Amino acid sequence: MDRQPIVAGRFYDAQPERLREAVDGFLGRAEGRQEDRTLLAMVPHAGYVFSGGVCGKTLGTANLAPTVLLLGPNHTGRGERFALWPDGAWNIPGAALPIDAGLAEALLDADPAVKEDTSAHMGEHSIEVVLPFLQRLNPETTIVPVCVSSPTLESLERVGRAMGRALKDFGAPVSIVVSSDMSHYITSEAARKMDGMALEPMMTLDPAALYDTVRSRHISMCGVLPMTTGLFAAITLGATRAELVDYATSGEVSGDFEQVVGYAGVLVS
């Protein structure tokens with residue numbers, strides 16, 4: 001089953017040539033590419049006018065495998081807790097990214113909580129907005145999208161580690177891309193403070209501390225669940241370091257510093 005884009009013309013340009021030009025401009029902000037294989041990249045998913053720069057600089061700096069496991073939050077509340085899109089392709093204006101059926105099968109076998117489910121993805125934008133960047137970086141990219149909404153640390157760790165083992169045993173290299181914005185609708189000063197608290201355990205590769213910090217500090221990071229899962233997977237793959245590539249808020253574009261959304265770009269290798 002193929003998925004059609006739902007936020008083309010709103011979050012990003014629906015005209016293929018203009019979309020390619022915009023994405024290439026954002027990717028061009030990278031100052032060089034990592035030498036080591038990127039095990040995990042976290043990037044934002046807002047409208048490109050706000051978050052495209054952070055997303056492009058981060059993914060342009062990454063050294064991604066041709067196959068990508070995409071982990072995103074569930075803003076709609078629909079579907080399974082770990083909802084995997086199993087086949088077909090995800091379409092974007094002027095291109096499509098096919099599902100890697102072999103990896104999808106391996107992930108479905110990794111833990112019973114991971115289930116085939118397209119309903120969680122139908123109205124969800126968080127993974128879609130990352131795809132034009134992946135396609136411009138490598139037109140041969142294949143993907144497996146998973147929407148994550150399981151609320152407990154135990155389940156996120158179990159599934160994350162199971163995913164890491166599945167990726168380790170897979171016959172080709174796989175990178176993880178997590179889609180997440182940071183704090184929502186607070187002052188720029190507060191967002192930078194709160195987001196710094198959430199980013200600190202990411203830099204030390206401590207997913208449990210990330211989960212606990214976001215929960216206890218009431219940080220409105222929408223992708224904390226997929227990022228916690230992804231970090232457990234990356235650690236299982238042997239991750240040793242994390243880097244904050246970029247950080248910005250929507251206020252830097254809108255001029256409104258009283259109600260901002262924070263955007264961070266993180267690479268783990």
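FYI, it's all coordinate maths here, none of it is from the lab. Here the structure is a predicted model, which is why all the values come from computation and not from measurement. Cβ atoms come from the backbone with ideal geometry, glycine included; neighbour counts cover every protein chain shown.
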Contact order relative to length of the range 3-136, as percent, for alpha carbon pairs under 8 angstrom and 6 or more apart: 32 percent
Inter-centroid distance (Cα atoms) of the range 161-178 relative to the range 38-64, Å: 20 Å
Helix-derived mean residue ellipticity, 222 nm - over the chain, DSSP H n ≥ 4, -39500 (n - 2.57), to 500: -12000 deg cm²/dmol
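Report the antiparallel proportion of the DSSP beta bridges in the chain as a percent, rounded to a multiple of 5.
Close to 45 percent.
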FRET efficiency, E21 to M203 (Cβ-Cβ, R0 25 Å, nearest 0.05): 0.15
Distance-filtered residues of the range 156-186 - backbone nitrogen under 14 Å, label point 7 angstrom along Q259 Cα→Cβ: 184-186
Spin-label pair R165/A96, simplified geometry with 7 Å Cα→Cβ offset, distance in nm: 3.5 nm
